[in-house]
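Below you'll find the structure, written out as structure tokens, and then a few comments.
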Amino acid sequence: MAEKKMPLSRKNHLKSLLLQIGKMMLEEEAQEAQVEKMKYMEENCPTLSIPRCTQELQELCRQLHKQIDLVDEERYDMEIKVKKCSKEIDDLKAKVQDLNGRFKKPALKRVRMSADAMLAALLGSKHKVSLDLRANLKQVKKEVKEEEKQSGDWRKNIEDKAGMDGRKKMFETEA
């Protein structure tokens, strides 16, 4: 069956009623938060009485410093708990993604790092590794050709081989 449409005036009236109820609920929540804040302040922050002499003032400063230290310790502990929880949440998200079979590749950032720095990061600062690529290469010695050793001055060789005597010497030495 086709549903009957609500008249526009009725729809607007209901919408305005919902907005009024929502507004009242928000105001009540704000008042409750204010009452809780005042209650907390009364419990944890006593009224401040300013002392008249310096000794009392110094004592008040010491007390305030102790309270500040306690608050800092609590804040530090909370930060550690939050970091631990966020790491667990990230691990669980990764496990869920693995179980689903869909894995999004993270956007990788280009990092400029030398090979020594990479090895130090991987192996830790205890192991200092110097990456000398040429150290393990095989060294090849060049062989000096015999002709270069014997040649000396090239003009003498040409004069010796010039003419019939020179050609005769060439054939005699080769044979």
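The values are calculated or read from the model by the stated rules, or taken from the named source; none is laboratory data. As the structure is a prediction and not an experimental result, all values here were calculated from the model. Don't worry about glycine lacking a Cβ; one is built from the backbone with ideal geometry, like all the others, and counts go over all protein chains shown. Accessible surface is based on the protein model in full, side chains and every heavy atom, while ligands, DNA and RNA are left aside. Shrake-Rupley method; radii C 1.70, N 1.55, O 1.52, S 1.80 Å.
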Quiz item: Are any of the residues in region 27-41 part of a loop (DSSP other than H, G, I, E, B) and within 49 Å of the chain's Cα centre (by Cα)?
Solution: no
Self-check item: Filter result (at pLDDT 90 or above and of a type in the set (D, E)) within region 1-25
Solution: none
Quiz item: Among the residues of region 68-103, how many are under 30 Å from C45 (Cβ atoms), over 21 Å from the mean Cα position of the chain (by Cα) and not charged (D, E, K, R)?
Solution: 5
Self-check item: Residues located in region 47-66, provided they are open to solvent by 100 Å² or more (accessible area, probe 1.4 Å) and part of a loop (DSSP other than H, G, I, E, B)
Solution: T47, L48, I50, R52
